[in-house]
Each structure stands twice: as C-alpha cells, then as structure tokens.
1. Identify the single condition in (1) surrounded by fewer than 19 Cβ atoms within 10 Å (Cβ to Cβ); (2) modelled with pLDDT of 95 or more; (3) not in a helix (DSSP H, G or I) that residue 258 does not satisfy, given that it satisfies every other one.
2. Count, please, the residues in segment 68-102 that happen to be over 23 Å from residue 122 (Cβ atoms) and not in a helix (DSSP H, G or I).
3. Please enumerate the residues belonging to segment 191-217 that are within 15 Å of the chain's Cα centre (by Cα) and more than 13 Å from the ligand (Cβ to nearest atom).
4. Identify all residues within segment 218-246 that are part of a helix (DSSP H, G or I), over 16 Å from residue 40 (Cα atoms) and more than 7 Å from the ligand (Cβ to nearest atom); write none if there are none.
5. Does at least one position in segment 143-164 carry a residue that is farther than 23 Å from residue 190 by Cα, within 18 Å of the chain's Cα centre (by Cα) and either modelled with pLDDT of 95 or more or in a loop (DSSP other than H, G, I, E, B) (or both)?
6. Here is a list: 75, 31. Which entry is touching a strand residue (DSSP E or B) at 6+ places or on another chain (Cβ under 8 Å) and crowded, with 22+ Cβ neighbours inside 10 Å?
7. Cβ-Cβ below 8 Å, separation at least six or inter-chain, first residue in segment 212-234 and under 11 Å from residue 188 (Cβ atoms), second assigned to a helix (DSSP H, G or I) and near the ligand (Cβ under 9 Å from one of its atoms): which pairs?
8. With the requirement that a residue be within 20 Å of the chain's Cα centre (by Cα), away from the ligand (no atom under 16 Å from the Cβ) and closer than 23 Å to residue 140 by Cα, what does segment 79-102 give you?
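The values are calculated or read from the model by the stated rules, or taken from the named source; none is laboratory data. Values in this document were obtained by computation on a predicted structure and should not be read as measured data. Every residue, glycine as well, gets a Cβ built from its backbone with ideal geometry; the counts of neighbours run over all protein chains shown.
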Ligand SMILES: *Cc1c(COP(=O)(O)O)cnc(C)c1O
C-alpha cells in the first residue's frame, strides 16, 4: 500500500486528526447499523507505526489514548519519548520474538499477536518480574497465506487450553489479518472463520480465559470485519495517512501490491 494507490491524506494538524477520526467513527457507526450492532461494542485502535512523535502528539491532542505498533523496538522508543503523556496506552500488534518479551512486559498494556507457548512463557516470566499483567489476543492465520503469522485455526483450541498456566496473561480473544483482496467475497470468509472459531472456543474455554474479543479489520476492510463481529478494529492509514513503508516490511513476501484495491473500493 502506498500514497499512489490510496486516497488517505496525511494528517498534519490536530484538526486533520479530528476530521479523520470522526470519519472513521462514522464509518464504524454505519457498519454497526447495517449489522444491527451497538457502536460502543467496537473499539477503535489507531495504529501509529512509521508515524513520527510530533504527529502522534497531534493525534493524542485530538483524543487518541490507545496506539497500536507492529514492531516492538519502535513501540518502545515511542513509549519512552512520550512518557509525559501518562494516559497513553501501547498495544503491540505484531509478531514477537522471545528475546523481546522483556521489553513488551515493561511498557505494553496489550499484546495482540500471541501465537506460541514459548512467547507466552517468556512474557509470563518477565511480567511476573515486573509485577505486571498484560491483555493478550491469540493470533490466528485465517487466510492460509504462508506470509501471515498466527496459529492455524485447527491448533487454536489446544493452544488456548495451555494458557491458564500463565497467570499474568489476561486472554481476551482472537486476532487476525484477513486476505488482502479487492473482492469482499474473498476477504469476508477470513472474518467469518475467526468469529466461528471464537464462538466455538467460548463454549469450551478454560476458566479465566476470555473469548469475547475479536480483533479484525484494518483501514481497507474494517467495515466488513464489523459486519462479521469485530470488537476491535486496528486502523492506521485512514487516521494518520497513507504509509510509504510497504506492507511487505510487516508481512514478508506478501503480494499485496497486486491485490490492494479493496481499500479504495470501500473507502
Ligand atoms: C499496520 C497494521 C494495521 C493497520 O493497517 P492500516 O492499513 O494502516 O489500517 C493493522 N494490524 C496490523 C497487525 C498492522 O501491522
């Protein structure tokens, strides 16, 4: 995704951010009314990856209090630079290596990309040392693409059964990235799969494991995700403006350039 193929203008002022946030909230409300849902059941998580501190401060002034970041080091650097914004909360939404668990345990309030017991163990150990707890989402690969992180759907139930052993991890639900396609008929099944998996796991989840949340939907597809039950949408470019960094930086080998017109059609 890049500025050439997407209409999202860069927000340069508090006013710009207010306008973009209002537009996204309006689209969330419209999608909710189509689906017969209450907009207060959908949380907007603004995603600030690649956005520099000065512009994040403008977003804060416009009301953003939760921010999602894909890369741990970038998130940590920003969190340290903006400790003066005491009520700003950081959500790590990208794949984590065990050697970075220590960092996440220190500053993050939420981790949305849990997909291995090794990472769960590393986080739990570090969180205990810090005397902290963390909200977590289990990431599921619903698109079947090799480039996407996350557990295969068939492994999620067994994985979730092991999570009560980690007392510092507050499991909230599931997270996914859909297939990026111009065709809603190919995107929607990813969201349906996650919702059906959540509904099934809700019946059998061990005590203390939350299975209410569904984090799904990004700038290009969040309305579809809401129609299919999203309770958290992770939206970057529609709030901050188009990113110059290609998505292949976050999803290696992803072939989005050829298929990334979905956002233009739904924008
Ligand atoms: C970047 C990112 C998003 C947001 O994507 P946009 O196209 O900027 O809305 C959502 N989820 C994850 C995991 C991301 O890395």
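1. (2)
2. The qualifying residues number 7.
3. Across segment 191-217, the qualifying residues are 191, 194, 213, 214.
4. Taking segment 218-246 first, the residues part of a helix (DSSP H, G or I) are 222-227, 237-240.
Now drop any that are not over 16 Å from residue 40 (Cα atoms), which leaves 224, 237-240.
Selection gives 224, 239, 240.
5. No, the conditions are met nowhere in segment 143-164.
6. 75
7. As it stands, the answer is 221/263, since those pairs meet every condition given.
8. The answer is 98, 101.
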